[in-house]
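We did not get these values from a lab; they are worked out from the coordinates using the rules stated. Source: prediction; values computed, not measured. In this analysis, Cβ positions are derived from the backbone assuming ideal geometry, glycine residues included, and neighbour counts consider all displayed protein chains.
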Amino acid sequence: MRSYGADSGLAAADVTSAVLAIGHPDFPKVLIDTLRRQAGVGHCMVFALSRAGAASCLLDAGNIPTGADLGAAYAEQFHESDPNRDALFEGEGGAPIMLPLFAPRMYSARYRKIFFNDSDIVDKCATAIWTGDTCFYVNFYRITSQGRFGDAERARLQTIAPAIGASVARHFQQMATATPDQNLAALFATRAPLSALTPREQEVCRRILLGFSSEAISQGLGISLHSTLTYRKRAYERLAISSQNELFAIVLGLLAGQHGLN
């Protein structure tokens, strides 16, 4: 039988790619790819819960099309009726918490309808970790086409959950203290429609959002003013907008959908 220390070392090795992605814009993609590879997870959502009662959805990645809507609904009201809430709030210090196995009877009829039946979710596992007054609550889901988690997959999640939880907490702590440009870079890299822009179009739009003039953007990127204006025009066409104000509106809408990190 392996010791806990040995299991921890193996778990860290299994999630190395996610650990290395901490603080980088592609962390959500690397995380879900790691979870799929290691334990057949279809979708992952991360929530931040505070002891004061606030909740926010920090991450939504995987194969559930309505994930963003579910995250918003949970953060706005359903976190208060989560049957795992008592177990979450009994957590102490930085010790990882592995939540009880999913059973439909744990949830109210309305909760089941919205979060499982209507969303095609057939199974979930979850872990959590407290850092200070914030609980990072990490949920792993499977949909009907995947079937429920098997015993081997549950065992794998049990093994890697502490490392996954710690990586998630570390990532979002770093993101919360990132500069405005770093936060914008993460948004453009991971959220549609901004992520559909070419790298150069993203660079130009990020600088527009940071208040740079077209001339300053040209100088900073080492390109001609004509090229800057061309990239801006192409970006606006891809986004189906025609003004800087509309670009700001897109970004503000995406940020509001994330419910912030605070």
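Some notes on this structure:
- Comparing ILE22, ILE121, ILE241 in a Gaussian network model of the chain, where Cα atoms under 10 Å apart are tied by springs, the biggest mean-square fluctuation is seen for ILE241.
- With both labels modelled 7 Å from their Cα along Cα-to-Cβ, the GLN182 to SER17 distance reads 2.4 nm.
- Semi-axes of the equivalent ellipsoid of region 4-176 are 22, 19, 16 Å, computed as sqrt(5λ) over the eigenvalues of the C-alpha gyration tensor in descending order.
- 18 Å tail of the calculated P(r), region 120-262, as % of Cα pairs: 66 percent
- Computed over region 180-258: relative contact order in percent, which uses C-alpha pairs under 8 Å that are six or more apart: 27 percent
- The angle separating the long axis of helix 4-14 from the principal Cα axis of greatest extent in the chain is about 30 degrees.
- Cα-based shape type of region 180-258, given that a ≥ b ≥ c are square roots of the gyration tensor eigenvalues and the cut on a/c is 1.5: prolate
- Choice from THR198, THR34, THR134 with maximal GNM fluctuation in the chain (Cα, 10 Å cutoff): THR198
- The helix-based estimate of mean residue ellipticity at 222 nm for the chain, built from -39,500 (n - 2.57) per DSSP H run of four or more residues and divided by its residue count, is -15500 deg cm²/dmol to the nearest 500.
- Residue with peak Gaussian network fluctuation, the chain [Cα springs, cutoff 10 Å], from ASN139, ASN245, ASN183: ASN245
- Mean Cα-pair separation over length for the chain, i.e. relative contact order, pairs under 8 Å, 6 or more apart, %: 21 percent
- As a proxy for reagent exposure, ranking ARG142, ARG191 by other Cβ atoms within 10 Å from fewest up yields ARG191, ARG142.
- Global form of region 141-203, assessed from the alpha-carbon gyration tensor, a/c cut-off 1.5: oblate
- Pair THR198, LYS113: separation of 7 Å Cα→Cβ label points (nm): 4.9 nm
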